[in-house]
1. Kindly indicate whether residue 116 is buried (at least 19 other Cβ atoms within 10 Å of the Cβ), under 15 Å from residue 63 (Cα atoms) and at pLDDT below 95.
2. So residue 126 fits all but one of (1) surrounded by fewer than 19 Cβ atoms within 10 Å (Cβ to Cβ); (2) within 14 Å of the chain's Cα centre (by Cα); (3) within 18 Å of residue 78 (Cβ to Cβ); what number is the exception?
3. For residue 167, are the conditions met, namely being on the phi > 0 side of the Ramachandran plot and either exposed (fewer than 14 other Cβ atoms within 10 Å of the Cβ) or at pLDDT below 95 (or both)?
4. From the list 23, 53, 79, which one is buried (at least 17 other Cβ atoms within 10 Å of the Cβ), at pLDDT below 90, part of a loop (DSSP other than H, G, I, E, B) and within 16 Å of the chain's Cα centre (by Cα)?
5. Within the range 154-179, can you find the residues that are closer than 23 Å to residue 121 by Cα, in a loop (DSSP other than H, G, I, E, B) and over 12 Å from the mean Cα position of the chain (by Cα)?
6. Anything in the range 97-111 that is touching a residue at least 60 places away in the same chain (Cβ under 8 Å), surrounded by fewer than 16 Cβ atoms within 10 Å (Cβ to Cβ) and within 14 Å of residue 81 (Cβ to Cβ)? List them, or say none.
7. For the range 126-147, which residues satisfy the criterion of being closer than 21 Å to residue 65 by Cβ and not in a strand (DSSP E or B)?
8. Hey, among the residues in the range 83-105 that are out of contact with any helix residue (DSSP H, G or I) (no Cβ under 8 Å at 6 or more places or on another chain) and in a strand (DSSP E or B), which one's farthest from residue 176 (Cα to Cα)?
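The values are calculated or read from the model by the stated rules, or taken from the named source; none is laboratory data. Treat the numbers as computed from the prediction; the structure is a model and nothing was measured. Positions of Cβ are generated from backbone atoms using ideal geometry, with glycine treated the same way; all protein chains shown enter the neighbour counts.
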């Protein structure tokens, strides 16, 4: 099983109850070897302060929303599963939830943009059919200035699941993409 699969399995299974002892971590994500690439070759966006998700309080005990945008459409999504440690804290929490039964819809045209106001984060995507029964790997997300970008699945509608991670935090969101 590769590092990517381990991170997904870790993030979706790891926290059955809220834990407040220590942060759950995706420890396989190494520190970056370049300004915009982590140790696993995943792209990182830089300069996130100007993004639509910039109203983040670093001392918060829960992660900021992930903003996804396509054309003129935009969604601000809370993570349904996460492990989060606030800045300047040694303790964090994990919450393991289920993807929304009725995911929010992102329509529009063109590539999907992902905004997240925390530095040193990487993102991976997976695609699902609308019943969550058939999974396919999504494309790599490309860092573009203050956000990440990727093309939607060819077969729409489809559910997109995005896993974001750093050395000490992770988040998972999902939404439905329509044409």
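1. Here the answer is yes, as residue 116 does meet what is asked.
2. With (1) surrounded by fewer than 19 Cβ atoms within 10 Å (Cβ to Cβ); (2) within 14 Å of the chain's Cα centre (by Cα); (3) within 18 Å of residue 78 (Cβ to Cβ) applied to residue 126, the lone miss is (3).
3. Considered against the rule, which asks whether it is on the phi > 0 side of the Ramachandran plot and either exposed (fewer than 14 other Cβ atoms within 10 Å of the Cβ) or at pLDDT below 95 (or both), residue 167 comes out as no.
4. From the options 23, 53, 79, the qualifying one is 53.
5. Of everything in the range 154-179, those that are closer than 23 Å to residue 121 by Cα, in a loop (DSSP other than H, G, I, E, B) and over 12 Å from the mean Cα position of the chain (by Cα) turn out to be 167, 168.
6. Listed by number, the list holds a single entry, 100.
7. 138, 141, 145, 146
8. Ranking the candidates gives 93 first.
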